[in-house]
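Contents: one structure, followed by commentary.
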Amino acid sequence: MFKKTPVAAGLAAFASIIIAGGCAVADAGKTGNVDYTAMTSQELAEYLIFEANGFNVDQEVQEGGTAKQRLVQDEMHKACSVIGGGKPDQATLDAVRTAAAASITYPEGGIQLGDWQKGRELAWSGFGYRIGHNPDDHGNRPVGGNCYNCHQLATDRTGGTVGPSLTGYGKTRGTSEAILKYAYDMIYNPHAYFPCTNMPRFGSSGFLTQDAIADIMAYMFDPESPVNE
Amino acid sequence: MFRKALLALPVALALGATANAQKAPEDVLQGLIDSIDSSYLTQSEMNLMMMPDSPALWLIDDGKDLFHEARGPNNVSLETCDFGKGPGVLEGAFVEFPRFFEDTGRVMDFESRLVHCMKTIQGFTDDDPAIRTKHGNAADITKLQTYVASLSNGHAWNPPMDHPMEQAMRDAGEVIFYRRAGTMDFSCSTCHAATGKRIRASVLPNSNVPEEWTKAVSWPAFRVGHDNVRSAQHRVGECYWQMRHAEPVWGGTGMTAIISYWNDRARGQPAILPDMKR
């Protein structure tokens, strides 16, 4: 359903409107000859984001390139953006799940647990990839995992409830190969299990390094970790 | 609470006859708390206690003086500024933003309209501190905005949708609200479409619950954590920063679309102006 109105087609459609109108609009407010009311809401949204100076798309970003690419949607983004909320149809969910599973790569030598003490700080830290007027300098600090923003882990710090509690994760689930793979996959690309989940894809987006994932997993699974007290 | 009485008085006197409008901001919030079970509305006992002494209340008087004072290169007051209900009509104007203005041919949020009047009526330019300084209690824009907003305290959000441009901007804002993108795959709805969820200790307002959402969109608000009064545009910018998306341009079309949608989601519920936030 969502797939039948691809954004690309919308973009093409309004690009021709602009050409027909014979003007390029850069000023924040001026609508010039571009008729907002002649566009669908999807087309207008894309226009405001990329063409009408709605966002500072030229800012440089940590991964190289400009902020514009942060606003360009990939296939998952398009499939999982349902206006009004909820999930897309089953066929779309299945496609998202399949693509996510295919995106996962494993470290050479298999999944490892790193240093839980480093993992503790990484699971707490929200540092990394923020831009705007106060951009994160990755030269200063490692990129954090933001896990506590959404999850409760060890109870010495207050975690969020957007995701389920992970308190006692290793203690209750054990450290079998299967559960380690599941946890790794969840961190790397959670859409492989929960298509259109709200949890970010920390591995396939390049947000976290393999070392950071190993440290965070140690924090979840190491018997010494306060998560498993 | 002597200060409370002192501060509440000018607000009450300045406001009109609607029942809600004679309440202080904390009374409007209390009414919402009584109407619905919401951990977002009640999350800060401390703020509820501090609201009668909110530093934002002091800005109302400062803003009022600034508004009526002859200023700028043209040495005139802002009394002829049309906020949509006719020149000089301030009561209830704030809750009817964003709105389409014939004279500019575009939908404007309140802050953009204020700046427009300061430029066209008073003759200020972008380089003047009056316009350039956008952040903090000391900024003219903060004071003026807090003053005019206070004259809509207790009024129901009612952004107009009569003009097709108003509807178009609201609908584009809705698309943007649900549009996932960026390094963390977030859209606004990732964090604002469920009730009682938290990011760390912060309870998230649900955009689908107007009684919660009216508090969420009630800006200007004294941000306790920032020790300053902030506007709606600050909050939009802050959430985009957390989302790792591109930064919305101040007064730009992205801001206007988002604010058109978010005020519409609070439609019918009383605004808390000025509010106090965490």
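The values are calculated or read from the model by the stated rules, or taken from the named source; none is laboratory data. Note that the structure is a prediction, hence the values are computed from the model and not measured. Positions of Cβ are backbone-derived with ideal geometry, glycine not excepted, and every protein chain shown enters the neighbour counts.
Quick one: in segment B:240-263, of everything that is out of contact with any strand residue (DSSP E or B) (no Cβ under 9 Å at 6 or more places or on another chain) and within 13 Å of another protein chain (Cβ to nearest Cβ), which residue is modelled with the lowest pLDDT?
Of everything passing the filter in segment B:240-263, B:250 is modelled with the lowest pLDDT.
Name the residue that is surrounded by the fewest Cβ atoms within 10 Å (Cβ to Cβ), counting only residues in segment B:198-219 that are within 14 Å of chain A (Cβ to nearest Cβ) and among the hydroxyl-bearing types (Ser, Thr, Tyr).
Once the filter is applied, the top-ranked residue is B:202.
Report the residue count in segment A:49-74 for those that are within 15 Å of residue B:178 (Cα to Cα) and of a type outside the set (S, T, N, Q).
Counting residues in segment A:49-74 that are within 15 Å of residue B:178 (Cα to Cα) and of a type outside the set (S, T, N, Q) gives 4.
Could you check how many residues of segment B:67-84 are touching a helix residue (DSSP H, G or I) at 6+ places or on another chain (Cβ under 7 Å) and either of a type in the set (Asp, Glu) or loosely packed, with under 14 Cβ neighbours inside 10 Å (or both)?
Of the residues in segment B:67-84, 1 are touching a helix residue (DSSP H, G or I) at 6+ places or on another chain (Cβ under 7 Å) and either of a type in the set (Asp, Glu) or loosely packed, with under 14 Cβ neighbours inside 10 Å (or both).
Being touching a helix residue (DSSP H, G or I) at 6+ places or on another chain (Cβ under 7 Å), surrounded by 22 or more Cβ atoms within 10 Å (Cβ to Cβ), at pLDDT 95 or above and in a loop (DSSP other than H, G, I, E, B): is that true of residue B:90 here?
no
From the list B:267, B:198, B:278, B:244, which one is in contact (Cβ under 8 Å) with a residue 60 or more places away in the chain, under 20 Å from residue A:200 (Cα atoms) and of a type outside the set (A, V, I, L, M, F, W, C)?
On inspection, the qualifying residue turns out to be B:244.
Here are the criteria: (1) crowded, with 16+ Cβ neighbours inside 10 Å; (2) within 11 Å of chain B (Cβ to nearest Cβ); (3) under 17 Å from the mean Cα position of the chain (by Cα). Tell me which single one residue A:72 does not satisfy.
All conditions pass for residue A:72, except number (1).
Return the residue satisfying two criteria in turn: it lies in segment B:154-180 and is charged (D, E, K, R), within 11 Å of chain A (Cβ to nearest Cβ) and in contact with a strand residue (DSSP E or B) (Cβ under 9 Å, 6 or more places away or on another chain), and of such residues it is surrounded by the fewest Cβ atoms within 10 Å (Cβ to Cβ).
This residue is B:166.
If residue A:121 meets every condition in (1) under 26 Å from residue B:240 (Cα atoms); (2) in contact with a His (Cβ under 9 Å, 6 or more places away or on another chain) apart from one, which number is that one?
(2)
I'd like to verify a number: residues in segment A:146-171 that are more than 8 Å from chain B (Cβ to nearest Cβ) and either hydrophobic (A, V, I, L, M, F, W, C) or under 30 Å from residue B:249 (Cβ atoms) (or both), how many?
Residues in segment A:146-171 being more than 8 Å from chain B (Cβ to nearest Cβ) and either hydrophobic (A, V, I, L, M, F, W, C) or under 30 Å from residue B:249 (Cβ atoms) (or both): 4 in total.
Quickly run through segment B:9-47 and pick out the residues that are at pLDDT below 95 and in contact with a Leu (Cβ under 8 Å, 6 or more places away or on another chain).
B:11, B:14, B:15, B:21, B:22 - these are the residues of segment B:9-47 that are at pLDDT below 95 and in contact with a Leu (Cβ under 8 Å, 6 or more places away or on another chain).
Residues B:195, B:183: which one is in contact with a Phe, Trp or Tyr (Cβ under 9 Å, 6 or more places away or on another chain), assigned to a loop (DSSP other than H, G, I, E, B), within 12 Å of chain A (Cβ to nearest Cβ) and surrounded by fewer than 21 Cβ atoms within 10 Å (Cβ to Cβ)?
Just one listed residue meets the conditions, B:195.
Is it the case, given these coordinates, that residue A:207 is under 30 Å from residue B:40 (Cα atoms) and either in a loop (DSSP other than H, G, I, E, B) or not assigned by TED's automatic domain parsing to the domain that holds residue A:81 (or both)?
The answer is no for residue A:207.
Does at least one position in segment B:271-278 carry a residue that is over 10 Å from the mean Cα position of the chain (by Cα), modelled with pLDDT of 95 or more and surrounded by fewer than 24 Cβ atoms within 10 Å (Cβ to Cβ)?
Yes, because at least one residue in segment B:271-278 is over 10 Å from the mean Cα position of the chain (by Cα), modelled with pLDDT of 95 or more and surrounded by fewer than 24 Cβ atoms within 10 Å (Cβ to Cβ).
Among the listed residues A:128, A:114, A:159, A:145, identify the single one that is in contact (Cβ under 8 Å) with a residue 40 or more places away in the chain and farther than 30 Å from residue A:75 by Cβ.
Going through A:128, A:114, A:159, A:145 in turn, the sole match is A:114.
Could you list, in sequence order, the residues of segment A:75-91 that are in a loop (DSSP other than H, G, I, E, B) and either modelled with pLDDT under 95 or more than 21 Å from residue B:241 (Cβ to Cβ) (or both)?
Selection gives A:82, A:83, A:84, A:85, A:86, A:87, A:88, A:89.
From the residues in segment A:80-114 that are facing another protein chain (nearest Cβ under 9 Å) and aliphatic (A, V, I, L, M), which one is nearest to residue A:221 (Cα to Cα)?
If we take residues in segment A:80-114 being facing another protein chain (nearest Cβ under 9 Å) and aliphatic (A, V, I, L, M), then A:82 is nearest to residue A:221 (Cα to Cα).
Conditions tested, residue by residue: (1) of a type outside the set (D, E, K, R); (2) under 14 Å from the mean Cα position of the chain (by Cα); (3) part of a helix (DSSP H, G or I).
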{"site": "B:115", "(1), (2), (3)": "yes, no, yes"}
{"site": "B:125", "(1), (2), (3)": "yes, no, no"}
{"site": "B:138", "(1), (2), (3)": "yes, no, no"}
{"site": "B:142", "(1), (2), (3)": "yes, yes, yes"}
{"site": "B:145", "(1), (2), (3)": "yes, yes, yes"}
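Have a look at A:137, A:94 and point out the one that is at pLDDT 95 or above, surrounded by fewer than 18 Cβ atoms within 10 Å (Cβ to Cβ) and assigned to a loop (DSSP other than H, G, I, E, B).
It is A:137.
Cβ-Cβ under 8 Å, sequence separation 6+ or interchain: first residue in segment B:50-76 and touching a residue at least 60 places away in the same chain (Cβ under 8 Å) and among the polar types (S, T, N, Q), partner in a loop (DSSP other than H, G, I, E, B) and buried (at least 18 other Cβ atoms within 10 Å of the Cβ). Which pairs?
B:54/B:274
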